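The values are calculated or read from the model by the stated rules, or taken from the named source; none is laboratory data. The model shown is predicted, which means the values in this text are computed figures rather than measured ones. Because the Cβ atoms are built from the backbone with ideal geometry, glycine has one as well, and the counts that use them run over all protein chains shown. The area values use the complete protein model at the heavy-atom level, side chains included, leaving out ligands, DNA and RNA. Shrake-Rupley method; radii C 1.70, N 1.55, O 1.52, S 1.80 Å.
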Amino acid sequence: MKRYLFFALPVMILAWLAPVSSTAQETGSDDTDVNFDFDPTKFKMGKKSGKRTSLEGYFGIGPTFVTSNFDDGNAYIPEFKPWKSWSTDFGLMARTRLGGAGSSFNISYGLLWRYLNVETDKAVLDWDPETKIPSYDNTDLDGVTNTELNVHTLSIPLLFEYKNKVAIAAGGFVAFRVASSSEADGELDNGDLETTLHADLGLNDVLYGVTGQIGYKRARIYVNYYLNNLFKEDMPYDFTVMNVGIAFF
């Protein structure tokens, strides 16, 4: 009995789904013509999900631009190298549709591991653990070929988005610093030099800013502009950071 049900059940389902038309003969007879109009092309595979909220991976990479907002004449301000300072974003983004099923407007939010890399021209960032004052030092750096600042944050972005043939998004973010280090690399007479100082370095614990994106659904040009100082105190450094790059979803 179970075997007959196994074969009969699919036939019954197809019969129920198929459009049925019945026409009585004009001759007045009781005969009825039953036509099954079954078109397999009507059953499309991979139909787009009707869920209001979706989750996807996110990866962004691009150069880091740093601007010093003033020079008091006492602190040494290094020369920044944006095209060697590559920062990255990596994490998950959620997208919630605003409006009905055909709406092109969304709100986008998520959690990203944001790595800020700032390379300088032979200037090592140091700090005084007691006074918490950072300082760039460009002395006694013979043989040093690379100096950089590394800042790791957990960033929470929030954007309003229009996504159709093109995608445009704008919003803001808040980023919480979880690690930071100052690094110097080079070549000395007695071997390679690799030094890394893991410390607070007088950096801000919380950074925030605005962000914008434009491009296609899966690849976009983005800009992250930080509204507060990279450091906790404005003296001796007041640095504004901006990331420009390409993001993939």
* Asked: Could you give the length gained on full extension between residue 198 and residue 225, defined as 0.36 nm per residue of separation minus the Cα-Cα distance, in nm?
  -> 7.2 nm
* Projected label distance in nm at residue 179 and residue 52, using a 7 Å step from Cα toward the beta-carbon -> 3.9
* **Cα gyration tensor category, rounded, prolate or oblate, for the range 190-249 with a/c compared to 1.5** => oblate
* Structure fact -> In nanometres, the difference between 0.36 nm per residue of separation and the alpha-carbon distance of residue 132 and residue 235 is 36.0 nm
* Asked: Extension gain residue 88-residue 164, at 0.36 nm per residue separation less the Cα-Cα distance, in nm?
  -> 24.7 nm
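Quick one: of 132/232; 81/232; 51/163; 84/232, which pairs are farther than 19 Å apart, Cα to Cα?
The pairs that break the limit, which is 19 Å between Cα atoms, are 81/232; 84/232.
Using DSSP to call loops (not H, G, I, E or B), can you name the trypsin sites (Lys or Arg not before Pro) in the range 182-249 whose Cβ has at most 11 other Cβ atoms within 10 angstrom?
Within the range 182-249, the qualifying trypsin sites (Lys or Arg not before Pro) (loop, at most 11 other Cβ atoms within 10 Å) are 217, 218.
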* To do: With a 1.4 Å probe and every protein chain left in place, work out the accessible area per residue of the range 152-248 in Å², rounded to a whole number.
  => 51
* DSSP-loop trypsin sites (Lys or Arg not before Pro) across the range 41-145, with at most 14 other Cβ within 10 angstrom -> 44, 47, 48, 51, 52, 132
* Return the loop-located trypsin sites (Lys or Arg not before Pro) in the range 149-203 (DSSP other than H, G, I, E, B) with at most 12 other Cβ atoms within 10 Å of their own Cβ; answer none if there are none. => 165
